[in-house]
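**Q** Let me begin by handing over the structure; questions about it come next.
What follows draws every value from the coordinates through simple rules; no lab data is involved. None of these values were measured; they are calculated from a predicted model. Here the Cβ positions follow ideal geometry from the backbone for every residue, glycine too, while neighbour counts run over all protein chains shown.
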Ligand SMILES: Cc1cc2nc3c(=O)[nH]c(=O)nc-3n(C[C@H](O)[C@H](O)[C@H](O)COP(=O)(O)O)c2cc1C
């Protein structure tokens, strides 16, 4: 009820720099995370889901298949509040080994007519050690927490493997699953790590890093929607070699000079215009892997029907980001409720 009233004010006040809205909302979520009584109220209003929504995927139990995508809570500072809003899992980060400020602002742009965002954040975060410290302070949560790992900008591509491994080493006790982000369009050269040999070296090293410790949580790879079918096939081959637990499809699609969409700002496009492409990629992966590799579908999800279409394409779980910005917390509740009814119908 309240978000449709609040949104025009929030969007209007932060028209010049939409990131200011994000900063404000994050401050509120951080403050809420420290108030058990308020958290309880929020959970009563938004965070209820029926037992019928529960799924077990790559060995983890998800109370609902709808999660929050990476990039919203880059440092993992507002997890209790986000969990209370009804998400079935949260992916935090992308975190890098070195703390870094990201690109100059403004670096998020709203396209309300298209229900889309363009961002070129550039992995702004406080670094893996700060996240480990934060996770240590966070009380246990009833949902899985994934950690998205990326490459520090100052580290050359040839040293990317050590950079990812350092982050994984520091964060291994704090993630229920880990995602290798090699698909953000906003760190120069990062997407070349999706190439066969580079990905092979990276996944081998991360697997090795996991096996040297007592913990071996699921390892996922997040892919770009801009890969050709052949390049995606190679990514899947390497993922199979290293027994990757799942694929997240997809990251944002590249816009700007030299790409098909030169609408305004350079960066990665998310939201409704990404939905069809993301579903195509999910379906391609599902078919190529004969449904044997769990897929988290993400891109342009706003409604329960969007979620259902992702499941039809082959996803086991879904994530949202841009839809959550436009629709607010009521969206997660609406999806959970609609899925409960739909699953009840299909089972009955
Ligand atoms: C402002 C913004 C920041 C993002 N940052 C990250 C990030 O740090 N790591 C990542 O893997 N994806 C990041 N993403 C991509 C989202 O996780 C998601 O894959 C993409 O936005 C498509 O989903 P959507 O259409 O629901 O937004 C970001 C997206 C946005 C809009």
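**Q** What ranking, highest mean first, results for peptides 66-72, 120-126 when packing means the other Cβ atoms within 10 Å averaged over each residue?
**A** 66-72, 120-126
**Q** Hey, another quick one. Work out, step by step, the length gained on full extension between residue 61 and residue 207: first 0.36 nm times the residue separation, then minus their alpha carbon distance; give nm to one decimal.
**A** 50.3 nm
**Q** Along each of the three principal axes of the Cα atoms of the range 2-347, give the extent in whole Å, ordering the values from largest to smallest.
**A** Extents along the principal axes, in whole Å: 50, 47, 40.
**Q** Using R₀ = 22 Å, calculate the FRET efficiency as 1/(1 + (r/R₀)^6) where r is the Cβ-Cβ separation of residue 290 and residue 230; round to 0.05.
**A** For R0 = 22 Å, the calculated efficiency reads 0.75.
**Q** Continuing with this model, one more query. 222 nm [θ] for the chain, helices only, -39500 (n - 2.57) per DSSP H run of 4+, per residue, to 500?
**A** Value at 222 nm, helices only: -12500 deg cm²/dmol.
**Q** On a full-extension model of 0.36 nm per residue, what is the gain between residue 11 and residue 134, subtracting their alpha-carbon distance, rounded to one decimal in nm?
**A** 41.3 nm
**Q** While we're here: Looking only at 329, 217, 140, which one moves most when the chain is put into a Gaussian network model with springs between Cα atoms under 10 Å?
**A** Taking springs between Cα atoms under 10 Å, the residue moving most is 140.
**Q** Compute a Gaussian network model of the chain, connecting alpha carbons closer than 10 Å, and tell me which residue from 98, 242, 211 fluctuates the most.
**A** Its mean-square fluctuation being the largest, the pick is 211.
**Q** Taking every DSSP beta bridge that has both residues in the chain, what percent is antiparallel when rounded to the nearest 5?
**A** 35 percent
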